[in-house]
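Written out below as C-alpha cells is the structure these notes cover.
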Amino acid sequence: MAQATKAIESELQAHLLSALVNPEQTRLDAWNRLREGITRVASGMSRGEDTHELEQRLQALFTWLHPMERLFVFPGEARLAALVEAARRRDVGLLEPKVRRLVGLLSQHGDRASQLDGHEPAMPGQDMPHYFTVLVADDISHEMFSRLRRGMQQAQAGERQFVYEPLHVTSLEDALVAALFNNEVQACLIRKDLPVRSRQPVEALRVALEPVLAAAEKGQEECGVVLAHWLRDMRPQLDLYLVTDESLAARELHTSRNFNRVFYLYESPHELHVTLVDGVRERYRTPFFDALRHYASRPIGNFHALPIARGHSVFNSRWLRDMGEFYGTNLFMAESSSTAGGLDSLLEPTGTIRQAQEKAARTFGAEHTFFVTNGTSTANKIVHQTLLEPGDVVLIDRNCHKSHHYGLVLAGAQPVYLDAYPCQPFAIYGGVPLRTLKQKLLELRDAGRLERVKLVVLTNCTFDGLVYHPLRVMEELLAIKPDLAFLWDEAWFAFAGFAPLPRQRTAMASAKRLSERLRGSAYREEYRAWKAKQGSAPLTLEAALEQPLLPDPDKVRIRVYATQSTHKSLSAFRQGSMIHIRDDDFERRAEEPFREAYFTHITTSPNHQLVASLDLARRQMDLEGFAMVKEAYQLALRMRERMRENPLLHRYFRMLDVDDLVPREYRASGLERYVGDGGATVASLTRAWADDEFVLDPTRLTLYTALTGNNGFQFRGRVLMGQLGIQVNHTSINTVLMNATIGVTWGSLSYLLDGLKHEARALESWLAHASGAERRLFESRVHAITDALPPLPDFSGFHEAFQPSGGVGEGDLRAAFYRAYREEDCEYVPLPEAAATLESGRTLVSTRFVVPYPPGFPILVPGQRVSAGIIEFMRKLDVKEVHGYRPELGLRVFTEKALERGTAEEGARAEAYPRGLPPQPEPRFH
C-alpha cells in the first residue's frame with residue numbers, strides 16, 4: 001500500500017510546479033484517474049482477473065485525495081468516507097456509478113454541486129444563482145459548525161441571485177491553503193484566536209508556508225489578524241470578516257483595514273447572510289454596464305447623433321441587413337451618443353462611469369483609476385503630458401513602446417535613453433539593469449541636472465516577458481531623488497494583480513508596499529542606522545553603485561502611474577485600457593494637469609461598448625480572476641513541460657526559459673528554468689519572484705524556430721497562420737511569441753502541440769530524403785539565424801545640435817522632430833551608401849523614428865547619430881516592415897548645413913544659459 005501511494009504521488013507530482021499553480025485541476029485529474037481505475041477494476045472483476053494491484057492504486061488515490069478534499073465543500077468528507085468504505089468492501093457495483101456521477105458534477109460545477117442535492121439542473125442552460133464558498137476559519141466543534149451551516153441555509157431561503165456554502169477549516173495553515181486551492185472562496189469568516197498549524201497538512205506546500213507559520217507562532221498579533229494580512233496579500237479581492245467574542249471596546253482594538261466588518265460570535269444568521277451576499281453583490285455590480293443594459297431595454301426615440309442607434313438605419317435598410325444579422329440587435333440598442341439616462345460622461349464622470357472607475361481602482365489596488373477607450377498608446381501620452389513640462393528630463397528605456405517616444409515629443413521633455421541588456425542569440429532586449437538606472441541618475445546629479453529629472457519610464461513586463469522588481473527600483477532611485485515619478489507601462493501585465501507571485505511585481509502593489517514600508521517605525525530605525533554609517537556627505541557615484549540605497553522617509557513622495565492594455569490580457573474590447581495611479585501629490589500637483597491631458601487626448605465620443613467592457617472586465621477579475629490566471633499559468637507551464645518532454649519537438653523547437661532571457665547576474669535565487677532537469681520548485685520559484693532583479697513571466701511563450709530553418713516571420717506565415725490558423729503575438733529573427741492568456745484553452749494548447757509535431761515530423765522526413773546540396777542550403781539558413789545574427793545596436797547618442805548644454809546624454813527630441821518638417825534641411829542617403837558615407841567622415845543624423853518589425857523597437861529616433869552598427873543591423877535584418885524607412889529612397893537624415901546651424905544655435909544657448917535650465921524655444925515653421 002505504501003509503495004502504491006508513493007507511485008501515485010510520483011505520477012501526480014511529475015508536473016509538480018504546474019500542478020501547484022492550479023491545484024484544482026490536479027485534483028480533478030486525480031478524480032478522473034480514480035474513475036478510470038474503478039472502471040478497470042469492475043471490468044477485471046467481471047472477467048475473474050486478479051485486480052489486487054489496481055485496488056491498491058485506488059486506495060492510494062483516496063489517501064492522496066483526503067487532505068486535499070478537506071479544502072472543498074464538494075464532495076465533502078462524508079461522501080468521501082462512504083466511497084472509501086465501498087472501496088474497502090470491494091463494492092464496485094455501488095462505487096462505479098457514484099464516482100462517475102461525482103466526477104461529472106465536480107468537473108462541471110465544482111463546489112456548486114453541493115447545492116444540487118445530487119441532481120443536475122433540468123436543462124444545461126438553465127439559469128442558476130451565482131454560487132460562492134464561504135471559508136469559516138474557526139476551531140469550533142463539528143456540532144457548532146453544523147448549527148452555523150443550518151442557520152446559513154435557512155437564511156438563504158428564496159435567494160435567487162447568490163447562494164453559498166460554508167467550508168470549515170480549523171487552522172491558519174488550512175485557511176491559507178484553502179484560499180490558494182479553492183477558487184470558489186469569495187468570503188472568509190475568521191476567528192482571531194485560531195491555531196496556527198494544520199493537523200493534516202498538504203505536504204507539498206509546507207516548505208513554502210513554513211516562514212509564514214513560524215512568524216505567526218512567534219509574532220505579537222493574534223493568529224486571525226495574521227491570517228487576514230496574508231489573505232489580503234494573496235487574494236486582496238476577498239471579503240474578510242472578523243469573528244470575536246470580545247466586548248465592543250476590545251473589538252475596536254482588533255479591527256483593522258484588512259477586515260470588512262467585525263461580528264460578535266456569529267450573531268444573527270440572517271445578518272450574517274445579508275452581509276455575505278451584499279459583499280459579493282457589490283463586487284458583482286457593474287454600474288455602467290447595468291445602466292447601459294437598462295438604457296437598451298427602454299423605448300427611446302433618437303433625435304441625437306448616431307443614426308445607427310436603435311438600429312433603425314440598419315434593420316430598415318435593403319442593403320445593410322447582413323450587418324444587423326451579424327452583430328445582432330443588442331449592439332445597436334446600446335449605441336448612443338447621449339450621456340443622460342444613467343449613461344454618464346467619460347470626460348466629466350459624475351455617475352455610473354465614476355462609480356465603475358472607483359470600483360476598478362479598488363480591484364486593481366490603485367488610489368485612482370481612469371478608463372481610456374483609444375488604447376494604452378493614448379494612456380501613455382496622457383501620463384507624459386500630466387507629469388512633464390518642456391525641458392524636463394526623463395530616464396527611459398530606448399526599447400519602450402513608440403507611444404512613449406511620441407509622448408515625449410508632445411510634452412517637449414528631453415529623454416535620456418537607456419540601453420537594456422541584450423539577449424544576442426535571439427535578437428531580444430531584456431530590461432534596464434538597476435545599476436544602469438542609478439548610474440545615469442547619479443551622473444545627472446553630479447552635472448547639476450537632477451532637479452530637471454521628473455520621470456522614469458520602464459516597461460513591465462516587456463514584450464518578451466521580462467519582469468522588473470519595481471519596489472527595489474523605486475526605493476533606490478528615490479534615495480537619489482525623493483520626488484521622482486514613475487510610469488510603469490504594464491500593457492501586457494494587467495492580469496498579474498490576480499495571482500500572488502506576479503502581483504508583488506506590479507506597479508500598484510509595489511507602490512503600496514513601498515509606501516507602507518517607508519512610513520513604518522522599523523524603516524525609520526533602519527534608515528537612521530544606514531545614514532549614520534554613511535555620514536553627512538553625499539555618496540560618491542562609485543560608492544552609491546556598490547550598495548543598496550535607502551530614501552529619506554521625511555522627504556520621499558510615492559508617485560507611481562501604471563498604464564494597462566486591459567484588452568490585451570483581460571476580457572475587454574480592443575482599445576480598452578486603464579490608467580492606475582498611486583501618487584502622494586496627485587491632488588496637490590497632478591490632478592489639474594491630468595484633467596487637461598485627459599481632455600486633450602480622450603475623444604468626446606467614446607464608444608459605450610468599450611466603456612462597458614472595461615467595467616465588466618473589472619467584475620470578472622474581481623470574482624474569478626484568481627481562478628482564471630491560475631489556469632493560464634498552469635497551461636503555460638504544462639506547454640513548456642510537453643515541449644521539453646517530447647524528443648521530436650525538442651529536436652527542432654524549444655520554449656525559451658529563464659536562463660535564456662535573464663543573465664545569471666540578475667538571478668540571485670539561482671533559478672535556471674521553469675521545467676526540465678533543474679527546474680523550479682515551489683521554494684525556488686517563490687524566492688526568485690521575491691528577490692531576483694528580473695524574472696521571466698512563464699505565460700509569455702517564446703518559441704525558438706531557428707532549428708527549423710525558418711525565421712519567426714516565415715514560421716508564423718507559413719505554418720502557424722498558413723497551415724494551422726493560429727494567431728500569435730509577435731515574431732523576432734528566430735522566435736515566435738505566444739501569450740497564454742485567460743482566453744486560451746486546453747484544446748488550443750493541444751491543437752498547437754499537434755501542429756508543431758506535424759511540422760517536426762515533416763521536417764524530419766524531408767531531411768532524411770534531402771540531397772547533400774539541399775541539406776547544405778538548410779544548414780546555411782539555420783546558420784544565418786543563429787550564429788550569423790547582426791549585433792543588437794545600442795543607443796548611439798544625440799547629435800550636438802540636439803543636446804542641451806550641460807547635459808549628460810539627454811536630447812531635445814521635440815526640436816529634432818519638428819526641424820525635420822523643413823524639407824530643405826533633410827535628404828535621403830541610400831542604405832548601401834550609408835556605411836561608406838560614415839567612413840568618409842560625415843556624420844549622419846536621423847530625422848525620423850525608424851522601427852523595424854521585428855524586433856519592434858526604434859533603432860533610430862529624431863536627432864540620433866546613425867552608427868556603423870545600426871547600418872549593419874539594418875542591412876542584415878531580413879524583415880518586411882520597417883516604419884520610418886523607405887528602401888527605395890534610403891535613410892532620411894539632416895543635411896550637413898542643418899546640423900551646423902543647429903549646433904551653432906545650441907552653442908549660443910549654452911553661452912546664454914550655462915546650466916541649460918531654461919527650456920529651448922520652439923522651432924519656427926514655414
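For the range 312-317, just list the computed ³J(HN,Hα) in residue order, Karplus coefficients 6.51, -1.76 and 1.60, θ = phi - 60°, integers in Hz, with x standing in for Gly and Pro.
Karplus values, whole Hz, x for Gly and Pro: 5, 6, 9, 6, 8, 8.
Over the chain, with every protein chain in place, what whole percent of the accessible area is carbon and sulfur at 1.4 Å, could you tell me?
Numbers: 20530 of 39870 Å².
So the carbon and sulfur contribution to the accessible surface is 51 percent.
Antiparallel versus total DSSP beta bridges in the chain: what percent is that, nearest 5?
Working: 36 of 78 bridges.
Close to 45 percent.
For a protection proxy built on the mean count of beta-carbon atoms within 10 angstrom, sort 218-231, 478-491 highest first, please.
Values: 218-231: 18.7, 478-491: 23.6.
Peptide ranking by packing, descending: 478-491, 218-231.
Just from the alpha-carbon atoms, what are the Rg and Dmax of the range 660-738 in angstroms?
So, for the range 660-738, Rg and Dmax equal 15.4, 43 Å respectively.
Which lysines, if any, have their Cα less than 21 Å from the Cα of residue 440, not counting same-chain residues under 8 positions apart?
454, 481
Would you mind computing, in nm to one decimal, how far apart the modelled labels at residue 826 and residue 908 are, each placed 7 Å from Cα along Cα→Cβ?
2.4
Given the peptides 844-850, 591-597, arrange them by the average over their residues of other C-beta atoms within 10 Å, most packed first.
Working: 844-850: 23.1, 591-597: 16.0.
Descending mean neighbour count gives 844-850, 591-597.
For residue 568, go through the lysines and keep the ones whose alpha-carbon is under 25 Å away, minus same-chain ones fewer than eight residues off.
359, 381, 402, 512, 630, 880
Quick one: which residues, 5+ away or cross-chain, put their amide H under 5 Å from the amide H of residue 243? H built at 1.01 Å from N.
When sequence neighbours closer than 5 places are left aside, the close amide H contacts are 190, 191, 192, 263.
Where does the range 428-545 land on the Kirkwood hydrodynamic radius, alpha-carbon pairs, in angstrom? Could you put the intermediate results ahead of the total?
On the way: mean 1/r = 0.0638 Å⁻¹.
Here the Kirkwood hydrodynamic radius works out to 15.7 Å.
Order the peptides 129-141, 565-577 from the highest to the lowest mean number of other Cβ atoms within 10 Å of their residues. Walk me through the numbers on the way to the answer.
Numbers: 129-141: 20.4, 565-577: 22.5.
Per-residue mean Cβ counts within 10 Å order the peptides as 565-577, 129-141.
With the cut-off at 12 Å, report for the range 759-816 the share of all Cα pairs above it, as a whole percent. Each step should come with its number before you reach the end.
Working: 1267 of 1653 pairs.
Value for the range 759-816: 77 percent of Cα pairs lie more than 12 Å apart.
What is the angle, in °, between the Cα long axis of helix 223-234 and the longest principal axis of the Cα atoms in the chain? Nearest 10 is fine, range 0 to 90.
Taking Cα atoms only, the helix is inclined about 50 degrees.
For the range 563-645, which semi-axes, largest first and in whole Å, follow from the square roots of 5 times the eigenvalues of its Cα gyration tensor? Could you put the intermediate results ahead of the total?
Values: eigenvalues 227, 56, 30 Å².
After diagonalising the Cα gyration tensor, the semi-axes are 34, 17, 12 Å.
Determine, from the Cβ-Cβ distance of residue 308 and residue 358 and an R0 of 35 Å, the FRET efficiency 1/(1 + (r/R0)^6), rounded to the nearest 0.05.
Working: r = 31 Å, r/R0 = 0.88.
Once the sixth-power term is evaluated, E becomes 0.70.
Tell me the Kirkwood hydrodynamic radius of the chain in angstroms, computed as one over the mean inverse distance between distinct C-alpha pairs.
Details: mean 1/r = 0.0323 Å⁻¹.
Evaluated over the chain, this radius sits at 31.0 Å.
Mean residue ellipticity at 222 nm from the helices of the chain, using -39,500 (n - 2.57) per DSSP H segment of n ≥ 4 over the full residue count, to the nearest 500 deg cm²/dmol? Mind dumping the intermediate values first?
Working: 38 runs with 443 residues, N = 926.
So the calculated ellipticity at 222 nm is -14500 deg cm²/dmol.
At a Förster distance of 25 Å, what's the computed FRET efficiency of residue 128 paired with residue 746, Cβ-Cβ distance as r, to 0.05? Intermediate values should be presented prior to the final figure.
Numbers: r = 24 Å, r/R0 = 0.96.
Using R0 = 25 Å, I get an efficiency of 0.55.
Return one number: the angle in degrees, 0 to 90 and rounded to the nearest 10, between the long axis of the Cα atoms of helix 287-297 and the longest principal axis of the Cα atoms of the chain.
80
Taking only protein heavy atoms into account and a 1.4 Å probe, give the accessible area per residue of the chain in Å². Don't jump to the answer; show the numbers that get you there.
On the way: 39870 Å² over 926 residues.
Dividing the accessible area of the chain by its residue count gives 43 Å².
What percentages make up the Cα-Cα pair-distance distribution of the range 315-386 when the bins are 5 Å wide from 0?
Each 5 Å bin holds this share of Cα pairs: 3, 13, 15, 17, 16, 13, 11, 7, 4, 1, 0.
Give me the angle, in degrees from 0 to 90, between the Cα long axis of helix 52-69 and the longest principal axis of the Cα atoms of the chain, rounded to the nearest 10.
Around 70 degrees separate the two axes.
The values are calculated or read from the model by the stated rules, or taken from the named source; none is laboratory data. Note that the structure is predicted; figures quoted are calculated from it, not measured. In this analysis, Cβ positions are derived from the backbone assuming ideal geometry, glycine residues included, and neighbour counts consider all displayed protein chains. Quick note on the areas: whole protein, heavy atoms, side chains included, nothing else; ligands and nucleic acids left out. Shrake-Rupley method; radii C 1.70, N 1.55, O 1.52, S 1.80 Å.
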